[in-house]
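The structure appears right after this line, and notes come after that.
The values are calculated or read from the model by the stated rules, or taken from the named source; none is laboratory data. All of these numbers come straight from a predicted model, not from anything done at the bench. Cβ sites come from the backbone with ideal geometry, for glycine too, and all protein chains shown count toward neighbours. Side chains included, ligands, DNA and RNA excluded: accessible areas come from the protein's heavy atoms. Shrake-Rupley method; radii C 1.70, N 1.55, O 1.52, S 1.80 Å.
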Amino acid sequence: MEFCRPLLRPTNIAIAMEAILLRAIKRTLLWATVALATVALSLSALITWPGPLFAFSLGSGKIIVASDRPIPPDGGERFLRDCEKLLDRSPLKAERGQYRLYVTNEDWRQRLFFISQPEGWGFAWYYGLGGHAFLSGADFETGRVVHWGYIGTPPRTLAYLCAHELTHIMAWDHIGLNGLHVPRWVWEGLPDYVGIENRETFEQLRDALGDRPDDIPMRIKYGSYPRYRLLVTYFMEKKGWSFDQLLQTRLTEDEATEIMRAEEKR
């Protein structure tokens with residue numbers, strides 16, 4: 001007697017194929033997640049410990065600058081002096097002895113370290129136990145930032161960017177994870193206030209900015225965050241706020257602007 005294997009109905013075949021497809025998709029998603037997590041962790045580790053990729057360094061005082069290209073001694077020393085001078089006049093004082101700054105001149109290093117913000121000229125990296133800053137490129141002889149071939153112009157000089165990014169690190173050192181709650185106008189306005197060499201008074205900056213939109217020409221002429229700096233200047237000069245008060249405030253940009261405008265109308 002012959003026994004025939006039961007035939008699968010079309011419906012059963014479809015269900016079986018769907019189950020196989022779902023298992024394949026789940027496995028693919030799992031491996032993709034593992035791969036992305038591995039890449040993210042590797043990149044985070046590289047940004048946290050970037051030293052081996054930067055063969056040249058200069059400085060023995062408050063700031064050590066490391067670069068993937070040789071640093072001209074005269075230009076490098078001048079840059080460090082200018083940056084330290086800006087930081088020395090800051091109301092927010094350093095809480096550790098030394099800070100590190102890494103310059104990514106080579107295109108592939110710029111792409112690697114600035115993968116999350118390719119348009120940025122610099123960024124601060126803080127990992128809880130410390131931190132350091134990165135610049136996208138530098139011409140130490142002229143004191144200019146170099147970003148994908150574009151050469152920055154004053155007031156956004158190399159020293160300005162150095163002081164700006166290191167102020168972020170100092171702020172993290174000062175308030176820790178509370179930095180996550182600081183309004184953006186304060187978080188970017190304070191470093192801008194510190195980094196600008198020829199700092200305007202509140203009235204000078206207010207009259208210069210007027211009611212124009214915050215666009216690229218304005219940033220080229222007055223710094224990266226001129227309207228944030230205007231608010232910071234107002235609260236420090238007119239309201240007598242300290243750096244700590246600014247870092248502790250939870251006023252939104254609109255609320256801070258409304259207070260400034262209301263005071264001006266009196």
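In segment 89-144, which residues are surrounded by 20 or more Cβ atoms within 10 Å (Cβ to Cβ) and part of a helix (DSSP H, G or I)? Hits for segment 89-144 are R109, Q110, F113.
Name the residues in segment 158-173 that are open to solvent by 30 Å² or more (accessible area, probe 1.4 Å) and either closer than 20 Å to Q117 by Cβ or more than 17 Å from the chain's Cα centre (by Cα) (or both), would you? Within segment 158-173, W172 is the sole residue that qualifies. Take the conditions (1) open to solvent by 80 Å² or more (accessible area, probe 1.4 Å); (2) under 19 Å from the mean Cα position of the chain (by Cα); E258 misses just one of them, which is (2). Taken as a whole, segment 195-205 holds at least one residue that is among the hydrophobic types (A, V, I, L, M, F, W, C), under 18 Å from the mean Cα position of the chain (by Cα) and open to solvent by less than 50 Å² (accessible area, probe 1.4 Å).
When the residues of segment 56-88 are filtered to those that are part of a loop (DSSP other than H, G, I, E, B) and in contact with a strand residue (DSSP E or B) (Cβ under 8 Å, 6 or more places away or on another chain), which remaining residue is surrounded by the fewest Cβ atoms within 10 Å (Cβ to Cβ)? Among those that are part of a loop (DSSP other than H, G, I, E, B) and in contact with a strand residue (DSSP E or B) (Cβ under 8 Å, 6 or more places away or on another chain), it is P70.
Here V232, V194, V186 are screened, and the one residue that is touching a Gly at 6+ places or on another chain (Cβ under 6 Å) and modelled with pLDDT of 95 or more is V232.
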